[in-house]
Structures are given as structure tokens and as C-alpha cells.
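Taking it in order: structure first as C-alpha cells, then the write-up.
Where a number appears in this text, it was derived from the coordinates with a stated rule and is not lab data. Model, not experiment: these values are computed from the prediction. For neighbour counting, all protein chains shown are included, and Cβ atoms are generated from backbone atoms with ideal geometry for every residue, glycine included.
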Amino acid sequence: MIYQELLYSRSLSKDYRWMIIPPKISPEGLNALNRLYDLYDKYKNAFENPSVLPLYCLNHADATFFVSCGLSKYKDKDGRDIYCLQGISVPREYRRHFWSILPRILANYEGKGLLNSWKNIDFSGADDIVRRASEDYVLKLDQRDESLVKLTQTPRPSEKLPVNEPVYIPFDTSGLKELSRLLLSFDDCIDFAFGATPEIIKKFNFKIIAKAGHRSKRKNSTGVVAAGIAPSPVSDGGQVRSVDEHFHDPVDRFDPRRKKADMINKVELASTKNRLFCGNGSSRIVSQFFPRLLSVLKMGKKLKRSKGSGQQ
């Protein structure tokens, strides 16, 4: 089976962006992955300390994406954790082959190594990697161990799964085994989410769902504006396409230094207003009428001078 890697992440000093993409990925497929990561990022506290990785399968006309979202092993120059969306893209012509061996991949939990695109990147040079075209890789499962033998000897499920309703499984190691078994019930690729919040479920048509935690209690600011990232060209069979990547910057949203700076600015502004408008009663009266009093005194002096000159 032929597959290609993909990686959306942050590097040492560069903001979150696409670092590795399949050369013929469509703008629609790339934007779907952007939306998936955006939702994961907003509610990622629901995935804290998981016993398994969240896994997602999304099918598009040109490819099937098998990806995971989560922490990388790297930190940026300020010591903050780097999150990522990484995984593989399987061209349409290899979709059936991928689907036939996916239960074996999950049974061996080889998906963790297969989905780790960071392993092929020198992190010290990651700042310079922008939209590197992915290479073709060949996946072979020739080695057989006890888990694979046991899986292949397991009879295919005879029960009929609901047609219009998703199937729910637990988000843990037992749910991962259940996912491997359920995939045998489908003859072709389906969308599934092994680890999803209610918000993620609403935006995608997943057939199998493993819920992760509860809804995030963190309040998202409605005043945050998406960081405008200039569209970049994506090569597709000699043609250049533009992919709009207006995307929330996770680092910008949750940067503690920015929050501290905003707080200092607010305090200074409030202090200035207090000095100008919110002093005690006597200070306000003086500040309002003292200029007028000076003006009256000056006018009186002018009148006295004019009278004196008239009498002479």
C-alpha cells in the first residue's frame, strides 16, 4: 500500500502552519483537516492524560486521511508545548487495501509510529519547512505475531450496524480493540473519530465515535479574530491552487505573556481615567472651575486698566 505523510504543527519559532502535505491533496481535504485541528485545539483539555491517542479517519474524493491530534515531544523557544495534527494520506486507488489492513494496524497499535510524521524531521531545521511535498511510502505487514493471527482468525461480525445512527465505543484501550472489530463490518472506508468532543461530532459525519471527556469549561473569547495567513500555492498535477488558511493561532490565543501585557495595559488605562475623572469631590470642582476663575480675574484686571486710562 502506498501512503504519504502530512503534518500541521508549530516549530521552534514559527506559528502553526502546514509543514508536510501530499502533493495532490485538494483544498477541500486540507481545509477539512484544518477544521478538525481547530476544534481539537479549542477543546483539547478534554484529551488531557489519555491512555490512548485520538485517531480520526476522514474520506474525501481524492484521498483518505488517517490522522491523530495531540502533543509532540517538542517545545518552542519559549518552552511551550507544541501540538500537532499528523498522520497519513492514502490515495484513492489504495483505499480498499488500506481499509483491509487498518484493523491489523490498530490491533498492533502500530498506528502510533505510522502517524508520527515528526520522526522524519530534524527539529533544529523545522522553521524552514513550509509545505514540503510528501514522498511516497510503502506499508507492508508481512510479519505476523500472535495479535495479528488472533485477529485474522476472528470471524467477521454477523450483526447489522445501524445505517443512519453512529456507533459509540469507549475512548480507551478496550475501545481501540472494539474499533478494530467494528471495522470488519464495513466493506469500504467510513469516517470515524476515536476521541471526539460534542463539538467535533457536530461538524463531521462520523460513523463510529469514541467520546473523549466532557465539554471544555474554558471560555473562548468571542473577540478573537482569526489570524490571516496568506494563501500558499499547492501543486496539483502541474496546476497551482490557492488554499485559504485563515486559521486561529493556538499560541496567540493562549500566550500567557500576551494576557499579562493586556492586563497591564488595562490597569494603566483605568488608572489614567481615575486620575482625570474619578478623584474626590473637591479636586473635581477645582479642576473644573479653576481655569474659569483665572479667566475672570484676568478680565477684571483688563477692565481696571481701561477705566484708569479713561480717567487720565
Counting other Cβ atoms within 10 Å, which GluC sites (Glu not before Pro) in region 3-101 have at most 10 and lie in a DSSP loop?
GLU48
Note down the net charge around GLY175, summing +1 for each Lys or Arg and -1 for each Asp or Glu among other residues with Cβ under 13 Å from its Cβ.
+1
Estimate the FRET efficiency between ASP81 and TYR168 by the formula 1/(1 + (r/R0)^6), using the beta-carbon distance for r and 30 Å for R0, to the nearest 0.05.
0.50
Assertion target for VAL138, VAL52, ordered by fewest C-beta neighbours within 10 angstrom first, is VAL138, VAL52
Give, as a single signed number, the net charge of other residues whose beta carbon lies under 10 Å from the beta carbon of LYS203, with Lys and Arg counted +1 and Asp and Glu -1.
0
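For a quick check: sort MET19, MET299 by the number of other beta carbons within 10 angstrom, fewest at the front.
With the fewest neighbours first, MET19, MET299 line up as MET299, MET19.
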Non-local amide H neighbours of CYS189 (under 5 Å, H modeled in plane, Pro and chain starts lacking H): which ones?
none
With 10 angstrom as the radius, rank ASP127, ASP122 by how many other C-beta atoms surround their C-beta, starting from the fewest.
ASP122, ASP127
The summed charge of the ARG95 Cβ neighbourhood (under 12 Å; Lys/Arg +1, Asp/Glu -1) stands at -2
